[in-house]
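Here the structure is laid out as structure tokens; the discussion comes afterwards.
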Amino acid sequence: MEITSNQIHQFQSEGYLAIPHFFTPQETCAIRSEVERLKSEGLLRNVTTDGDGTTHSSVQQNLQMCPMSPQSPFFRALPFHPRIVSSVSSLIGDPVMLHLDQVFLKPGNHGAGTNWHQDNAYFKISNPLKGTAMWIAAHDATSANGTIEIIPGLQHKQLDHSRDPYSDHHIRCFPPKELAIPIQLPAGGVVFFSYGTPHCTRANNTDHERAGVAFHFFNADFIPETLTSDPKPSMRNPFLTGPLADGGMAEYGVDYRIASNG
Ligand SMILES: O=C(O)CCC(=O)C(=O)O
């Protein structure tokens, strides 16, 4: 799968690109199974609060694990998948560096959303189009079960953020919601959206759980402030492309490019 020049143009002008059948059914099943394993081992935690930013809700649940990679060889290896590497490289340019991996799971009936925000309010890179999230629908993601929504065209507008009182650590902003587009995806579909693109997810009011797995990547010529100010550089930021790309050998002692090709 090659990202076309029209798709690159859409990402740059509108700040997002949805690809409904990015992963094969077998790959999708493996992603969902690994999310299930992490959940069943109690590794996801509820970040939803009752409106004071600290008291965890006993009813609403937004179950997050960030990062997954230290406890998941599968999610450590996944970003080295050649289809991911080539797509991200086309969208943000080389050298690509892996930034973060996480999962948000919304249980059926009481799954809470993640409020509006721009990732660049956290990461602060100088050109928000030089970083992208890749949000993977682990289950079919629909308006009914609270799929991700984005606002196109605002990727260069820096919105004001404040602490989200309905999360124990997130921040939120208040973009013009009438411009929002819900990104409905079959399981295994992905949406790439830039670090500047406002996005949120909604409550899951269906009977079935829904999870989104998110990876973030940046062009290493645009290092996020959160990483440059870290006195101990993270061991989780391998290069995916460029002269220093070694499949994660320097960080993990394993070359995941071989594993991904199998
Ligand atoms: O899936 C979610 O609830 C939020 C995802 C998100 O905010 C992100 O990937 O940046």
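Read-outs throughout are calculated quantities, based only on the coordinates presented, and are distinct from any laboratory measurement. This one's a predicted model, so the numbers in the text were calculated from it and none came from an experiment. Here the Cβ is made from the backbone with ideal geometry for all residues, glycine too, and neighbour counts use every protein chain on show.
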Rank ASN204, ASN109, ASN145 by mean-square fluctuation in a GNM of the chain with C-alpha springs under 10 angstrom and give only the top-ranked residue. ASN109
Centre separation in Å (Cα based) which lies between the range 11-65 and the range 73-130: 12
So for ARG257, ARG210, fewest C-beta neighbours within 10 Å to most, what's the order? ARG257, ARG210
Can you list the aspartates and glutamates whose alpha carbon sits under 20 Å from that of LYS124, skipping same-chain ones fewer than 8 residues off? GLU14, ASP94, ASP101, ASP160, ASP164, ASP221, GLU225, ASP230
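Sorted from fewest to most neighbouring beta carbons within 10 Å, what does the list HIS199, HIS161, HIS208 look like?
Ranking HIS199, HIS161, HIS208 by Cβ neighbours within 10 Å, fewest first, gives HIS208, HIS161, HIS199.
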Cβ density ranking, 10 Å radius, fewest first, applied to ILE183, ILE148, ILE171 yields ILE171, ILE183, ILE148
Out of the range 9-64, which GluC sites (Glu not before Pro) are coil in DSSP terms and have no more than 14 other C-beta atoms within 10 Å? GLU41
Counting Lys and Arg as +1 and Asp and Glu as -1, each charge on the Cβ, what is the dipole of the range 5-261 about the Cα centre in debye, to the nearest 20? 60
In deg cm²/dmol and to the nearest 500, what is the mean residue ellipticity at 222 nm of the chain if only DSSP H runs of at least 4 residues count, each as -39500 (n - 2.57), divided by the residue total? -6000 deg cm²/dmol
What percent does the relative contact order of the chain come to when contacts are Cα pairs within less than 8 Å and at least six residues apart? 30
Per-bin percent of Cα-Cα distances, the chain [5 Å]: 1, 6, 13, 18, 21, 19, 13, 7, 2, 0
Taking square-rooted eigenvalues a ≥ b ≥ c of the alpha carbon gyration tensor, is the range 1-45 rounded, prolate or oblate, where a/c under 1.5 means rounded and, failing that, a/b exceeding b/c means prolate? oblate
Residue separation between GLU225 and HIS110 times 0.36 nm, minus their alpha-carbon distance, gives in nm 37.9 nm
